[in-house]
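Values quoted throughout were computed directly from the atomic coordinates according to the rules given, and no laboratory measurement underlies them. Since the model is a prediction, treat every value here as computed from it, not as a measurement. Glycine also receives a Cβ, built like all others from the backbone with ideal geometry; neighbour counts cover every protein chain displayed.
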Amino acid sequence: MSRLPVIRNKRVLGTSSSSENGQDFAPAQKKTRKDPEPVKPYAASTIIGTRRPTVAVTKAPISRPVRQGAATVAAAPSRGLLKKSTASTAPRGGNIKATAAPTGTKAVTCGAAGTKRQAWDLKGKVTDMESKLHNYQTKVKSVNQENEDLKSTMVKSQTRVTDLEKSVAVQRSQISEYEEELQALSGVREELDKVSSEKTSLEKQLSNLEGKYKVMETLRDSQETELQTLKVMLSVQESTLSHLQLTLRDAEEEVRSLGDTVVQQKDELHAGEMERRRLHNAIQELKGNIRVFCRVRPLTGGGLSQHLQLPATDNKTITLAKTEESHTGKTADTQKNYNFNFDRVFGPQDSQKEVFEEISLLVQSALDGYNVCCFAYGQTGSGKTFTMEGAEYDEARGVIPRAVTQIFRAAEKLGAQGWEFTFTASFVEIYNETLRDLLYTGKASKRPELEIRKSINNEVTITSLTYEKVTNEDQVLGLIMLANRNRSTAQTAQNDRSSRSHSVFQLDIEGANVGRDVKCKSTLCLVDLAGSERLLKSQSQGERFKEMTAINGSLSNLGLVITALANKDIHVPYRNSKLTYLLQGCLGGNSKTLMFVNIAPELDSFGETLSSLRFASKVNDCVIGTASANRK
Ligand SMILES: Nc1ncnc2c1ncn2[C@@H]1O[C@H](COP(=O)(O)OP(=O)(O)OP(=O)(O)O)[C@@H](O)[C@H]1O
């Protein structure tokens, strides 16, 4: 920070000094400069010539002239004026002039007329001397006066000097203050430096920003151009929009009329769906409400079996041929053929897919509100489980997983027509006339006993059985896997238990078309029966005998029930076995039944095969009454 006052004060000081000196010392300096030679201070020469009466008073340079315009009598001690010796100090050959004092002091002249007195004129000389003395006295007086003045001036000057010294001291203290301030200002200077460096960086930033600003301006310009283009486009779009709005109004009108058409078509569709169901059922009835499919499994070691003949052109016949040797040996061997006709006969080469295609219509009936029961009958190892469950890879999937897939897909499609379905799955095993929950996940020790109950409206349920609500195919497949795990656990405890127990998978289906106030309810029942070995062959004893008795009992009772239904007997012995009791809802008037008779192609299974085919043939001959859908 500029503290110019310091300089100004100095200047003031100088000015003041100059002013003082201007009054008191300047002329002397000027004179000194003019003097050809410096003259010692206080060196005053007064030449009082004997010959020349004129008294020359030289102007002696003094260090401090008393006053401008004062007599140029030197301010040296007045005594000196009288000393003759001092005359010798006067400059040699100098122009010594008698300078008349401006105050009226006259130069001493010899004689009144300035003429030289005669030697004899002593009086005159005395007079001159007196006059001179008087002059000198006057001069002394004036000098004294002047001296006094000078003294007072000196006193004043000293006072002045003191004042000035004080002032100087004050100025010095001020200077030191200013110096201190200056010192303090050095910090400020650092700050100033910092600020200035900051300023420099800010300036740089500013220039950067200016650069950016320019770029932004360019960008803005281009965007403004773009905006203009967009505005033009917008106006075009607006006109298009208004045009489209008009079109939309027209379209809405059209949609409204189409909506009416859709409602009308939905009605027609629903009527069509109901008609389809009616016709579908009519076809099923024509096919018979109980159907039997025969399936021959491939030979375990490959090749063809000689005793089983399946005509290539006919899918409904199977011939079991047996060559009987002549007992006497005298006659030729005779061949005995056993022919059986079924709704369909599948050979060893027929795939799971082909088998399922034949029963998919029945599965559709389950969704339409009809009870459907499908069971596999046959000796152990004849392919019942393979037919019903299949293997894990896709192509080998059996009836149960395929039926589940079909049902969920069909339900989804019917959803578009306003149908909503709920599905409940259960899986039960019947072993030795005892029911076992295959979906049970609790502790084995707490496994509850299951009892079949029949409600007032003839609905069969099992107490404490797991009824699992399912919403998709994967859930059902998960339950089937759980059932298989449960079965294999039991099988570890008892060898081949699965062959000696019936497993019953049930899917309860409830459908409602809320908009049309239509409801339906049905059960799809898929059963893998126990092996149908005859008691004689197995020659079982003990526990095994008990198992076989139970199996044969339930299977033969199944035959009896079907026969009773076909004969329209008043009493149908459902309760004679757990199997028929459980399947009561799915067998009989209000249901569609499909039986698979599975055949093992090995020759040593001939007897069992013949027995199975005879049983199936009996069932096939039955015509169970007309089924009616469970509609409300
Ligand atoms: N159509 C077929 N094609 C190929 N393999 C089959 C076929 N049918 C059955 N099998 C195979 O034959 C074997 C016995 O079949 P499966 O276990 O299904 O008989 P099962 O009648 O269920 O026997 P069990 O009464 O002991 O349960 C299995 O290995 C199975 O994979």
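Taking region 360-439, which chymotrypsin sites (Phe, Trp or Tyr not before Pro) meet the DSSP loop condition and have no more than 13 other C-beta atoms within 10 Å?
On the way: sites: Y370, F375, Y377, F386, Y393, F408, W419, F421, F423, F427, Y431; in loops: Y370, Y393.
Answer in residue order: Y393.
Quick check: residue separation of K446 and H571 times 0.36 nm, minus the Cα distance between them. What number comes out in nm?
Gain on stretching K446 to H571: 41.3 nm.
Sum up the charges of everything whose Cβ sits under 14 Å from the Cβ of S257, counting Lys and Arg as +1 and Asp and Glu as -1, but leave S257 out.
-3
Scan region 544-623 for trypsin sites (Lys or Arg not before Pro) in coil per DSSP, keeping those whose Cβ has at most 16 other Cβ atoms within 10 Å, and list them by number.
Counting only loop positions with at most 16 other Cβ atoms within 10 Å, the trypsin sites (Lys or Arg not before Pro) in region 544-623 are K568.
So what's the net charge close to K353: Lys and Arg +1, Asp and Glu -1, counting the other residues with Cβ under 13 Å from its Cβ?
Around K353, the charge tally is -4.
Based on the Cβ-Cβ distance from E226 to T261, what FRET efficiency comes out when R0 is 51 Å, to the nearest 0.05?
Computed FRET efficiency for E226 and T261: 0.60.
Please report, in whole Å³, the volume per residue of the convex hull around the C-alpha atoms of region 153-251.
Roughly 241 Å³ of hull volume per residue.
Under 8 Å for C-alpha pairs, at least 6 residues apart: give me the relative contact order for region 288-621, rounded to a whole percent. Before the final figure, lay out each step's value.
Numbers: 619 pairs, mean separation 90.4, N = 334.
Taking the mean separation of contacting Cα pairs over the length of region 288-621, I get 27 percent.
Which entries of K336/K384; K123/K151; K469/K546; K413/K454; K353/K578; K322/K578 have Cα-Cα distances beyond 30 Å here?
The answer is K123/K151; K469/K546; K413/K454; K353/K578; K322/K578.
With θ taken as phi - 60° and the coefficients 6.51, -1.76 and 1.60, list the Karplus ³J(HN,Hα) couplings across region 297-304 in order, rounded to whole Hz; mark glycine and proline as x.
7, x, 5, 4, x, x, x, 10
Only counting other Cβ atoms within 10 Å, I'd like C373, C622, C294 sorted with the fewest neighbours first.
With the fewest neighbours first, C373, C622, C294 line up as C622, C373, C294.
Which net charge results for the neighbourhood of N458, defined as the other residues with beta-carbon distances under 14 angstrom from its beta-carbon, given Lys and Arg at +1 and Asp and Glu at -1?
Net local charge, N458 excluded: +3.
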